[in-house]
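All remarks here apply to the structure that follows.
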Amino acid sequence: MGQEEQGVFVEVINETDTEFSFDIDDLLTRALRAVAVHEGIGIGEVVVSLVDDARIQELNRDYRDKDAPTDVLSFAIQESDEDEPMILFAEEDDIPVEPLGDVIISIPTAIRQAEEYGHSLERELAFLAVHGFLHLIGYDHLTEEEEKEMFGKQETILANLGLTRG
């Protein structure tokens with residue numbers, strides 16, 4: 001997907017056989033661009049991979065030493081050896097684009113959680129994408145204060161997109 005007014009490139013890779021009744025690329029792009037606008041991020045690139053439980057469990061085990069499936073994982077792009085961020089260029093206009101990282105979402109887990117929480121799959125997937133992107137840009141929820149800040153941002157962004165609970 002290319003850049004529009006918000007300046008964030010989003011690539012969605014569906015590694016599952018899941019067919020959606022909505023435009024998954026559009027949903028996730030709108031969600032991540034809403035985060036970028038909310039957080040004042042000018043330009044960057046995020047890759048969102050949609051996977052099954054087995055794949056996310058493998059990644060969770062290999063990178064977090066947790067041998068269980070999870071709903072979302074985030075992998076921020078590390079800076080180069082020279083302490084300068086790696087820069088890509090947009091195909092159009094040779095605009096420099098900093099890769100921000102990857103967000104991996106388990107589709108089966110998202111489906112289960114949407115049913116469990118009683119809201120739409122669209123809302124759950126947008127929530128997971130927003131949550132993952134906030135991790136990429138440095139937010140966490142290890143303390144009660146961090147959790148309140150991060151989850152408050154998530155709810156504000158989702159409400160602005162019209163994706164409320166229930």
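None of the figures in this text is laboratory data; all of them are computed from the coordinates on show. This one's a predicted model, so the numbers in the text were calculated from it and none came from an experiment. When we count neighbours, we look across all protein chains shown, and the Cβ atoms used for this are built from the backbone with ideal geometry, even at glycine.
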Return the long-range amide H neighbours of Asn14 (sequence gap of 5 or more, or a different chain), with a cut-off of under 5 Å between placed amide H atoms.
Leu50
Packing-wise, with mean Cβ within 10 Å as the measure, how do 55-62, 119-126, 136-143 rank, highest first?
119-126, 55-62, 136-143
HN-Hα J couplings of the range 127-138 from phi, Karplus 6.51/-1.76/1.60, θ = phi - 60°, integer Hz, Gly and Pro as x?
4, 5, 5, 4, 4, x, 5, 4, 4, 4, 9, x
For the range 92-166, calculate the relative contact order in percent as a whole number, restricting contacts to Cα pairs under 8 Å that are 6 or more residues apart.
31 percent
For the range 8-160, place one equal point scatterer on every Cα, skip the solvent, and apply the Debye formula. What is log10 of I(q)/I(0) at q = 0.14 Å⁻¹?
-0.71
Show me, for the range 110-118, the HN-Hα J-couplings you get by feeding each phi into the Karplus relation (A = 6.51, B = -1.76, C = 1.60, θ = phi - 60°), rounded to Hz, glycine and proline as x.
4, 5, 4, 5, 4, 5, 4, 8, x
Output the antiparallel fraction of DSSP beta bridges having both residues in the range 8-160, as a percent to the nearest 5.
35 percent
Whose amide H sits under 5 Å from the amide H of Gly101, counting only residues 5 or more places off or on another chain, with H placed in the peptide plane?
Glu45, Val47, Ile77
